[in-house]
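Everything on this sheet refers to the single structure shown next.
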Amino acid sequence: MTSRNKARTQVDPALLEQFMKQQEAKYVPPPPLPQTTSAYSVPTDFVALPSKGEFYSEGHPWHKKEKVEVKFMTTKEEDILTSPAYAREGLTFNKLIESVAIDAISADSLLVGDKNAILVNARKNAYGKEYDFYALCENCLEGHEIVADLEVTKIKDIGNSSCHHNPDGTFVVDLPQSKDKVHFRLFFGEDEKIIREQEEARKKHKLPFEKIIAVHRQMIIAINENKEPNYIEQYIQKMLIRDSRALQKAYNETKPDVIVEYSFNCKSCDHRNQGGVPFGADFFWPDE
């Protein structure tokens, strides 16, 4: 019986090699692919920090920085704004700030006033400079539709504060009634987070939340040079109202912040109203 392998036609190796060389000589490489255009680059802007970076420790990305670079909002940030999970946790604005900032930062490490400056800039660049909101006349409570210009902002001047500014970034205020000297510090995002969590915990157990006491607890670092926590806690619990108001006023005077002001004459009583533009829940949702 004849083997099938022997019946097959055998190709001369020399001829096969010659054929392969002919094919290689005929081969023409394909033309190079056209270069693709570069990826779309999101525009950026620079925001002046109310703090000028003075209150951040060495090693912080914004230490001694007077301006920081931020991106314009995109669909990524729109997803952040519409996230129910972030809204429930009170994280919407923090996540937005962390997303638009060029520097890798944690919003909890930022001063409240610097966060406000970033939010105003993001809102302006995303939806335009006009911000519509509803305001009441402080005299007759008549409602008015107000249009604020977010491009007309200014940095609050904290140089005229009556408080003493320490080299370590803390402040000292002389209380009017007790004559005590209270050392306090500015609020960072982490402090807001702590107070929010305390409020939620109290609410969960249907207990009243003492917000002024909670704020003082985060703010005060010493009383007449006494830094003992138990002493400070007892002092806060029994703090005189006049002194408490003076401390709150001192804090507001020393807190770096961005100011967007409005003013209008009431149509009903002609009273002149003016104040700071509120950042309400609809700040990032203009009517279009």
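The values are calculated or read from the model by the stated rules, or taken from the named source; none is laboratory data. Predicted model, so just to flag it, every value in this text is computed and none were measured. A quick note on method: Cβ atoms are made from the backbone with ideal geometry, for glycine too, and the neighbour counts reach across all protein chains shown.
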Tally of residues being more than 29 Å from the chain's Cα centre (by Cα) and exposed (fewer than 14 other Cβ atoms within 10 Å of the Cβ) across the stretch 237-268: 8
When residues of the stretch 84-107 are limited to those that are surrounded by fewer than 15 Cβ atoms within 10 Å (Cβ to Cβ) and touching a strand residue (DSSP E or B) at 6+ places or on another chain (Cβ under 8 Å), the one nearest to PHE187 (Cα to Cα): ASP103
Sole exception among (1) on the phi > 0 side of the Ramachandran plot; (2) touching a helix residue (DSSP H, G or I) at 6+ places or on another chain (Cβ under 9 Å) for PRO208, by number: (1)
Hits in the stretch 137-160 - residues which are part of a loop (DSSP other than H, G, I, E, B), among the acidic types (Asp, Glu) and farther than 30 Å from VAL172 by Cβ: GLU138, GLU142, GLU151
Contacts under 6 angstrom Cβ, first residue in the stretch 163-185 being of a type in the set (Phe, Trp, Tyr), partner surrounded by 13 or more Cβ atoms within 10 Å (Cβ to Cβ) and in a loop (DSSP other than H, G, I, E, B), 6 or more apart: PHE171/CYS163
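Every residue, every condition in (1) in contact (Cβ under 8 Å) with a residue 24 or more places away in the chain; (2) not charged (D, E, K, R), yes or no:
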| residue | (1), (2) |
| --- | --- |
| LYS203 | no, no |
| LEU207 | no, yes |
| ALA214 | no, yes |
| GLN218 | yes, yes |
| ALA222 | yes, yes |
| ASN230 | no, yes |
| GLU233 | no, no |
| ILE236 | no, yes |
Check on GLU58, loosely packed, with under 13 Cβ neighbours inside 10 Å and either modelled with pLDDT of 90 or more or touching a helix residue (DSSP H, G or I) at 6+ places or on another chain (Cβ under 7 Å) (or both): yes
